[in-house]
Structure formats: C-alpha cells, structure tokens
Amino acid sequence: MKKTILTGLRPTGNLHLGHLFGAGINYVKMQEDYDFFLEIADVQALTDNFENPEKVRYNVYEITKDLLAIGIDPKKVHIFIQSKIPEIAELTIFYSNLVTVSRLFRNPTVKNEVSQKKELFGNDGESITYGFLGYPVSQAADITVFNGEYVPVGDDQLPLLEQCREIVRKFNNIYGEVLTEPQQVLSTTSRLKGLDGNEKMGKSLGNAIFLVDDEETISKKVMAAVTDPQKIKKDDKANPNICMVYYYHKLVTKEDQLKTVCQECKNGTRGCVQCKKELINNLNQFLKPIKDRRKQYEENPNLVKEILNEGTNYAKNIAKENMQKIKEAMKIDY
Ligand code: TRP
Ligand code: SF4
C-alpha cells in the first residue's frame, strides 16, 4: 500500500520559479511513490480574499494548469477543489472544540501573516476574522479527512502542521485512536531568492519569474536583476556568488556554460549585459516544455475541468469513508 501524502495550494496567483524549485519538482518526484492528494485550497484562499471571489475562482483554474504544466500527472495525483468537499468544513467545526482561541493567536504562522496583512486585519490584528484565525483548524481537517500521513510543506508552514498534530492527539485521546498524526516531508530544496536578492520571491515584491511569463517579460525582469554592485565596466572583476544573475544561471544553465560564466565573471572578461542575455535564453529554453504542455490545457478548458472533477470525486469518496469513522467515534453517527 502506498502512503498517503497531502498538500495544498492557495489559488491566489500563478506559480513562479520559487514554487517550482521549492516544491513543484518534489511533487513530480513524489507522485511516483505516494497516493498523492493535491488540494486547491479555495476556501482557505477566501479567508484573506473574501472580498475577491473572482480572483480566487480564476486562479483555481490557473494554478491547476500550472501544476499540470510542470508535470503533475492527473492519473497519479488527485487534484481536487477544497470547497467541493463539504466534509472538510464539517470536520473543521468538530475540531474547533479541540483548540483554544489563545493557542490560535499564538500560532507563529498566523501571527506572521496577520502582521503582513494590516490593511485587512488592522495594525495589531484587532480586525482579524474568525475565519482567518481558524484556518489552521481547517487545514488540520484538510489533512486528516484523507488520513494524510505525510505533508510536504516549507518551514513557514510547520506551526500549522504542529497544530494539526495537537488536534489529532486530543481527538484520539477523547474519542479513540481514529486519526493519523501527519509528518512533515522535508523539502530537499530551499526557498528561492527573488531577482532583487530578497529572501522571498513573490508577486507583490515584483521579483519573481512566473511560469506563464512571456519572453519579453522575462527579458525585462532579468535585465533589472541585481548583480555584483562593484562591477561597473565589462572588464571589472566581480564575484558571481553575490550576483542574482549567476544565482539563476545555477538553476537553468548547463554545467560547462556555467563554469565559463563563473570564470569569466571572476576574470573580468564578461559583461553583465551579455551574461543576462545568456540567462534569458536559458530560462526561455527551460520554460519552453512547461509552456508547451500548458498550452494544451489552455486550448482545452473542459479537460482541466474534467481532471478536477475526477480528482474531486476520488477525494470525496475517501473523505466520506473517513468521516463515517470519525462520526462513529464522536457518537454522532445517527
Ligand atoms: N496553507 C498552505 C499554504 O498557504 C496551503 C494549504 C492548504 C495546505 N491546505 C493544506 C498545505 C494542507 C499543506 C496541507 O501554502
Ligand atoms: Fe553577475 Fe554575470 Fe555580471 Fe558576473 S558577469 S556580475 S555573474 S551578471
């Protein structure tokens, strides 16, 4: 029997290279060995986008196409829409008795996100909604309603997984050993820096290359990338290790060309403009098969809907089965 793995993505924007190198490549590898549930977390996305339902809806399809484009195989992975599985919402309510409000306020991930969303939740989080405060509870339901054993998430999500494990332990203590405590799957890659050198890559920061970016957009972004500030003229010697162009070369450039980039940069025989042009070229080549695959789905939106329907139906059946056991344990299986 394959182990069950579950992860989710908030449909709030397209995938960028950070998602691909930080997570997507791992998903594609893991789909071979696990029973893989991939949730498009539209309900969770609404917790901080409740005023923008069109944005969330649009991105459900965008993100699904991105996932298929990077090589997620819908025959191996159950891609499903969170809101189509009402068992998740139901279980969230049951779990809400097992979590204190103060514990949620202390959750580092929640705290951090609230402090980044002052416009929505106020300067000191005084306008935080019940829904946003409770999203870790809903995320625990996401995982456990499918009996998720492994969860591949970044370190920023660890407090949410810990919260889930606490809920599971409490549930099992009170109602009997029904739920599985999920474990983190450690990522073998680390977070990708932005083109500006920022530790985080993101849409709002304007420092990300999206999988759907066209050649002109990629060219503009790379031309504006941060290089070694000491290098002004072509024959200035520079340090590639503090240059974001080199950082991206390392991701997409073949070994021998990469060595040349490094040597010539250090020797002062390479100009940054030339270096950036080569990177643009390599990025376009790297993204070509992804874009080609994406195009097939863009041209056939019904196929995307079918894939989501199939994944959702499969997920729904598993959720139903597990829900029955959960309700029996809670004595609400009338
Ligand atoms: N909170 C996750 C994020 O923002 C998305 C998510 C939703 C998730 N449900 C999940 C991750 C379940 C892991 C497991 O990236
Ligand atoms: Fe960066 Fe290339 Fe310029 Fe060196 S030559 S500083 S690696 S852009």
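When the chymotrypsin sites (Phe, Trp or Tyr not before Pro) in region 1-93 are filtered for DSSP coil states and for at most 14 other beta-carbon atoms within 10 Å of their beta-carbon, the remaining sites are Phe50. Think of region 50-176 as having a plus end and a minus end, set by charges on the Cβ of Lys, Arg, Asp and Glu; of Asn172, Val56, Gly122, Asn172 sits farthest toward the positive end of this dipole.
To the nearest ten degrees, helix 255-267 and the longest principal axis of the Cα atoms of the chain are 60 degrees apart. Against the main long axis of the alpha-carbon atoms of the chain, helix 86-95 sits at an angle near 70°. Sorting Val245, Val153, Val178 by solvent-accessible area of protein heavy atoms yields Val178, Val153, Val245, largest first, with a 1.4 Å probe.
Within the chain, the longest run free of exposed loop sites, counting GluC sites (Glu not before Pro) that sit outside DSSP helix and strand states (H, G, I, E, B) and have at most 10 other Cβ atoms within 10 Å, spans 200-298. In loop segments of region 1-60 as defined by DSSP, the trypsin sites (Lys or Arg not before Pro) with at most 12 further C-beta atoms inside 10 Å of their C-beta are Lys2. For a paramagnetic label modelled at 7 Å from the Cα of Gln274 toward its Cβ, which residues of region 224-247 fall within the zone defined by backbone nitrogen distances under 13 Å? In region 224-247, the label zone of Gln274 (backbone N under 13 Å from the point 7 Å along Cα→Cβ) covers 234-236.
Between Tyr334 and Lys76, the FRET efficiency estimated from the beta carbon spacing at R0 = 25 angstrom works out to 0.10. Around Ala45, under 9 Å between beta carbons, what's the net of Lys plus Arg minus Asp minus Glu among the other residues? Around Ala45, the charge tally is 0. Placing pseudo-labels 7 Å out from each Cα toward the beta carbon at Asn198 and Gln285 gives an inter-label distance of 3.0 nm. Computed with a 1.4 Å probe over protein heavy atoms only, the accessible surface of the chain comes to 52 Å² per residue. Computed in the context of the full set of protein chains, the accessible area of region 120-185 at 1.4 Å probe radius has 45% of its extent on carbon or sulfur.
Work out, step by step, the length gained on full extension between Glu51 and Val101: first 0.36 nm times the residue separation, then minus their alpha carbon distance; give nm to one decimal. Don't skip to the end; give the middle numbers.
Working: separation 50, 0.36 × 50 = 18.00 nm, distance 2.44 nm.
15.6 nm is the gain from fully extending Glu51 to Val101.
Distance cut-off 29 Å, Cα to Cα: go down the list Lys203/Lys266; Lys117/Lys325; Lys203/Lys277; Lys3/Lys65; Lys2/Lys117 and report the pairs above it. Check vs 29 Å cut-off fails for Lys203/Lys266; Lys117/Lys325; Lys2/Lys117.
Share of region 215-294's accessible area from carbon and sulfur, percent, 1.4 Å?
In region 215-294, the share of accessible area belonging to carbon and sulfur is 51 percent.
Among the trypsin sites (Lys or Arg not before Pro) in region 226-273, those located in a DSSP loop and surrounded by at most 16 other Cβ atoms within 10 Å of their own Cβ are Lys233, Lys234, Lys237, Lys254. Compute the long axis of helix 53-69 from its Cα atoms, compare it with the longest principal axis of the Cα atoms of the chain, and write down the angle in degrees, 0 to 90, nearest 10. It is inclined by approximately 70 degrees. For the chain, the 222 nm mean residue ellipticity estimated from helices alone, with every DSSP H stretch of n ≥ 4 adding -39500 (n - 2.57) and the total spread over all residues, rounds to -16500 deg cm²/dmol.
The values are calculated or read from the model by the stated rules, or taken from the named source; none is laboratory data. It should be emphasised that the depicted structure is a prediction, and the values quoted were computed from it without experimental measurement. Backbone-built Cβ (ideal geometry, glycine too); neighbour counts: all protein chains shown. Heavy atoms of the whole protein, side chains included, go into the accessibility calculation; ligands, DNA and RNA do not. Shrake-Rupley method; radii C 1.70, N 1.55, O 1.52, S 1.80 Å.
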